[in-house]
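Below is one structure; the comments refer to it alone.
The values are calculated or read from the model by the stated rules, or taken from the named source; none is laboratory data. Values in this document were obtained by computation on a predicted structure and should not be read as measured data. Ideal geometry is used to build each Cβ from the backbone, glycine not excepted, and the neighbour counts take in all protein chains shown. The protein model used for the area step is the full one, side chains on, heavy atoms only, and it has no ligands, DNA or RNA in it. Shrake-Rupley method; radii C 1.70, N 1.55, O 1.52, S 1.80 Å.
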Amino acid sequence: MHSSLVRVQNAFGFFTTVAFVVAAFIATSDFFAPRIPSGTLKTTNLQVIRGRPHMYSTKKEEYAVMKFNMEADLSTLFNWNTKSVFVYVTAEWPAGPANETDSAVIWDSIITSPSSDHLANIGPATLKKLRKSAKGKSIDPSRGKLSLKNQRPKYQIVHPSGKIAKTEDLVLRLHYNVQPWVGVLTWDLESDLGLWKKVKGGVSKRFALPAVKQKDAGKK
């Protein structure tokens, strides 16, 4: 006869196998849920300032501040296996003769699914509002729909050289990262993959940064 310990080990091994198979099925099922993200970006105000971009900066340097408008529909990224979606906007510009690209994040946000709102770093009033909007819905259709007007950036753009004024051919680009309950992290695609589509739009028109903003000479 098997001892009690062996029976416990066998039962534990069986349930572990079942849990692994179920988790693999859930993770694979994501590929059968369409992802059709879209967005538009437009700069509304550009400034290049000489100063200390951060409180811990040790020297003055040029840094860019970009305000922008964004309309984005990332609602199709939310399904039964979505825990949260990390959304961020980058500024990108060519650097060097080898078609290299410099990139800097200027804004980001985390959008939680209704089932993980309790994990969001938000106040009780906002949490109550989120729970009310999601009540009775397995997937809240309003999640992932963003409308930002004249949005201030969270982060300023700097360059190792300390010079960034009059940089040309910049674009703003929308990115996302989906964190599932089960499975691997997935990022925005460069090309379509089955039912998963790359972001439609999501890139602003090219623009150039202005010269360094000068103080009004008439002020003393």
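Numbers below:
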item	result
Tabulated pairs, segment 176-190, first more than 14 Å from Val85 (Cβ to Cβ), second open to solvent by 40 Å² or more (accessible area, probe 1.4 Å) and modelled with pLDDT under 90, C-beta under 6 angstrom, 6+ apart or interchain	Val182/Ile26
Residue match in segment 133-154 (condition: within 18 Å of Gln47 (Cα to Cα), at pLDDT 90 or above, open to solvent by less than 40 Å² (accessible area, probe 1.4 Å) and not in a helix (DSSP H, G or I))	yes
Residue in segment 8-31 that is touching an Asp or Glu at 6+ places or on another chain (Cβ under 9 Å), open to solvent by 70 Å² or more (accessible area, probe 1.4 Å), outside any loop (DSSP other than H, G, I, E, B) and at pLDDT 80 or above present	no
Looking only at segment 168-207, and only at residues there that are open to solvent by less than 50 Å² (accessible area, probe 1.4 Å) and assigned to a loop (DSSP other than H, G, I, E, B), the one that is nearest to Ala24 (Cα to Cα)	Val182
Failed criterion for Ile157 (all others in (1) at pLDDT below 95; (2) out of contact with any helix residue (DSSP H, G or I) (no Cβ under 9 Å at 6 or more places or on another chain); (3) open to solvent by 50 Å² or more (accessible area, probe 1.4 Å); (4) not charged (D, E, K, R) hold)	(3)
Enumeration of residues in segment 56-102 that are open to solvent by 50 Å² or more (accessible area, probe 1.4 Å) and without any contact (Cβ under 8 Å) to a residue 24 or more places away in the chain	Tyr56, Thr58, Lys60, Gly96, Pro97, Ala98, Asn99, Glu100, Thr101
